[in-house]
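The values are calculated or read from the model by the stated rules, or taken from the named source; none is laboratory data. Everything quoted here is computed from the prediction, not taken from an experiment. Here the Cβ positions follow ideal geometry from the backbone for every residue, glycine too, while neighbour counts run over all protein chains shown. Protein only, heavy atoms only, side chains kept; ligands, DNA and RNA dropped before computing areas. Shrake-Rupley method; radii C 1.70, N 1.55, O 1.52, S 1.80 Å.
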Amino acid sequence: MSDQSQRTRAEIDPEYDHRREDGVDESELESLLAGYTVGRDDHENAPAFVIRPDDVQAVLTLLRDEAGFDHLSCITGQEYEDRYESLLHVTKYDRRTHEVTLVVQLPTDAPVSQTAEPVFRTADWHEREIFDLVGIEYEGHPDPRRILLPDSWQGHPLSREYDQTKPQVVKYAEHANPLQPDRKTETDTMVLNIGPHHPATHGVLHLKATLDGETVVDVDPDVGYLHRCEEQMCEQGTYRYQIIPYSNRWDYTANLPNEWAVARVIEDVADIEVPTYAQLLRTMATEFGRMLGHFLALGTFALDVYGEFTAIFQYAFRDREVVQDILEDLTGQRMMFYFFRLGGVAWDLPEPRDEFIDKCRAFLDELPAKMDEYHALISGNEIFQIRTVNTGVLEPDVAKSYGCTGPVARASGIDYDLRRDDPYGYYERLDWDVVTADGCDNHARVLVRMREVEESAKIIEQCLDLIEDWPKDERTVQSNVPRTLKPDPDIETYRAVESAKGELGIYLRTDGSNKPARFKIRSPCFHNLSALPEMAEGEYVPDLIASLGSLDIVLGSVDR
């Protein structure tokens with residue numbers, strides 16, 4: 001086995017930006033928030049401060065401006081027997097392990113909190129979702145509508161008193177004649193409905209686009225058509241076996257990171273160790289999964305912007321099929337892999353091992369020439385450049401305010417990747433680079449994904465080298481995990497991984513049973529899509545389609 005396998009990336013490369021050498025200073029936070037804190041809570045991942053409902057904006061502004069907490073990564077709503085809670089998970093783009101949780105406790109008879117939207121725009125959709133599913137209201141919110149369920153829905157599905165057997169009547173507006181006298185307006189704008197079955201909306205997404213001529217002046221993404229209350233389904237499943245399979249349905253185009261997100265948070269609360277060899281297998285498999293997502297994003301984006309089906313789209317699917325063949329050999333499935341298990345993975349490499357490793361290496365050996373083909377067909381294509389350069393611009397500060405992560409953020413120059421900034425698995429021991437670009441436009445987002453495929457190949461190649469030399473008697477693929485897993489009650493944590501789309505996080509609270517008391521999914525696609533109006537307003541309708549495609553959203557991840 002290579003000596004490199006025993007060393008961290010910082011030891012391999014002295015200039016490596018570790019970013020994990022120190023956690024947040026709790027004493028400094030206590031001093032900073034002394035005038036606002038009314039209590040403390042016990043969370044596993046970060047210091048938790050209880051604040052008053054009417055101090056949310058003041059505390060967030062203080063943390064952002066004075067302490068550099070510029071990333072509101074998630075807001076979680078939940079209900080106890082005696083109270084509601086709105087939890088704000090805040091961290092930093094340049095120091096991911098500096099985390100803090102703000103706990104806003106609300107009475108059961110009037111669960112109303114001050115909105116966080118004026119400080120972080122990403123709170124807009126988060127708070128709408130919490131109102132929709134849990135029932136907490138946010139005072140001062142600019143658009144307090146339901147977001148996943150129809151406006152006429154009765155009750156809140158994640159509240160304790162919700163009757164799941166109650167029938168719902170969803171009312172639709174009458175199809176009135178828009179030419180009737182009472183419907184005439186003196187405006188120069190028109191509303192264009194794009195989707196929910198338009199091929200370029202990448203699923204059941206409805207865009208309400210307001211146009212002035214051919215210029216987009218407003219976009220309202222209407223989501224929820226694919227919502228299945230996955231959080232509640234996970235809360236009804238057991239830790240040991242029944243939650244990880246659900247995760248494959250979120251981002252179903254690159255779903256192995258989803259499995260890792262579930263495994264990481266449960267292993268965190270249950271204090272489960274993962275064998276080093278299993279971490280190596282997880283890392284290799286997940287990078288193949290990342291390639292699946294990026295190849296699909298590349299092919300469908302080319303189809304969106306200039307109808308290129310015969311070359312780029314089919315080339316991307318050609319290479320994606322090879323990766324799917326490899327993952328089918330490894331996991332036994334082509335789509336819903338379910339390769340991860342708590343404490344490790346399902347099994348080792350397929351036999352004969354040499355044949356599988358050779359198949360992987362053959363793909364990696366051919367990949368550079370294939371990437372050159374993509375660059376020749378895409379990067380240097382004049383039509384592609386006209387359609388993507390300086391369109392869909394997302395400035396860094398705007399991307400941060402909306403909580404954007406993954407290639408969307410990195411294409412705006414934000415150097416943020418959880419594989420490096422909050423290390424897990426085997427990433428810290430391998431030599432690879434975080435890909436960023438400063439273009440901030442649709443073109444930059446495509447180039448970042450293409451370069452990330454090359455970085456994934458570097459990671460996989462190193463993993464194969466280590467796996468090939470790993471001593472046979474040390475190939476432990478799972479640790480010893482109890483058949484019935486019951487973590488201690490009242491453990492709370494938020495953990496995240498770097499999926500192909502960005503930060504996929506999960507907040508989990510235990511109650512001493514074999515099922516979670518609360519399971520909140522932080523979707524990267526949900527955040528990235530919320531920034532679409534900023535990218536599309538002032539541009540043409542074709543640019544709106546290009547901007548949407550450049551986000552690489554999957555509605556299974558947006559809606560959950």
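For the chain, what number of Lys pairs, 8 or more residues apart or on separate chains, have alpha-carbon atoms under 18 Å from each other?
7
Here the accessible area of segment 452-560 is 41 percent carbon and sulfur, with a 1.4 angstrom probe and all protein chains present.
With the charge dipole of the chain set up from +1 on Lys and Arg Cβ and -1 on Asp and Glu Cβ about the Cα centre, the Cα lying farthest toward the positive end among the listed residues 232, 105, 406 is that of 232.
Considering only Cα atoms, the convex hull volume of the chain works out to 161 Å³ per residue.
With the biggest extent put first, the Cα atoms of segment 401-440 measure 30, 18, 10 Å across the principal axes.
One equal scatterer on each Cα of segment 484-560, no solvent, Debye formula: the resulting log10 I(q)/I(0) at q = 0.12 Å⁻¹ is -0.48. Near the amide H of residue 84, within less than 5 Å, lie the amide hydrogens of 106, 108, all on another chain or at least 5 residues away, with H placed in the peptide plane.
Dipole check for segment 379-444: with +1 at the C-beta of Lys and Arg, -1 at the C-beta of Asp and Glu, and the Cα centre as origin, the magnitude is about 180 Debye. Short-range pairs are left out: with C-alpha atoms under 8 Å and at least six residues apart, the relative contact order of the chain is 19 percent. Can you classify segment 419-496 as rounded, prolate or oblate using the Cα gyration tensor, where a ≥ b ≥ c are the square roots of its eigenvalues, rounded means a/c under 1.5, and otherwise it's prolate if a/b beats b/c and oblate if not? Because a/c hits 1.5 or more and a/b fails to exceed b/c, segment 419-496 counts as oblate.
Annotation: amide H of residue 48 within the under-5 Å range of 41, 43, 101, sequence separation 5 or more or interchain, hydrogens built in the peptide plane.
Measuring nothing but how far apart in sequence close Cα pairs (under 8 Å, 6+ apart) lie, relative to its length, segment 412-554 scores a relative contact order of 17 percent. Over the residues of the chain, the helix contribution to mean residue ellipticity at 222 nm works out to -11000 deg cm²/dmol, using -39500 (n - 2.57) for each DSSP H run of at least 4. Using the Karplus relation 6.51 cos²θ - 1.76 cosθ + 1.60 with θ = phi - 60°, the per-residue 3J(HN,Hα) values for segment 386-398 come to 4, 6, 10, 6, 6, 10, x, 5, 10, 5, x, 5, 5 Hz, with x marking Gly and Pro. A simple rule links phi to the HN-Hα coupling: the Karplus curve 6.51 cos²θ - 1.76 cosθ + 1.60 with θ = phi - 60°, which for segment 503-517 gives 6, 9, x, 9, 9, 9, 10, 9, 10, x, 9, 8, 9, x, 7 Hz, with x for Gly and Pro.
Around the amide H of residue 430, modelled in the peptide plane, lie the amide H atoms of 9, all under 5 Å away and 5 or more residues distant in sequence or on another chain. Per residue, the accessible area of the chain comes to 40 Å², computed with a 1.4 Å probe over protein heavy atoms only. Within the shell defined by Cβ-Cβ distances under 11 Å, the residues around residue 276 carry a net charge of +1, with Lys and Arg each +1 and Asp and Glu each -1. Pairs of Cα atoms in segment 368-415 fall into 10 Å distance bins, from 0 up to the last occupied one, in shares of 24, 34, 35, 7 percent. For the chain, a simple Cβ point-charge model (Lys and Arg +1, Asp and Glu -1, everything else neutral) yields a dipole of about 1540 debye relative to the Cα centre.
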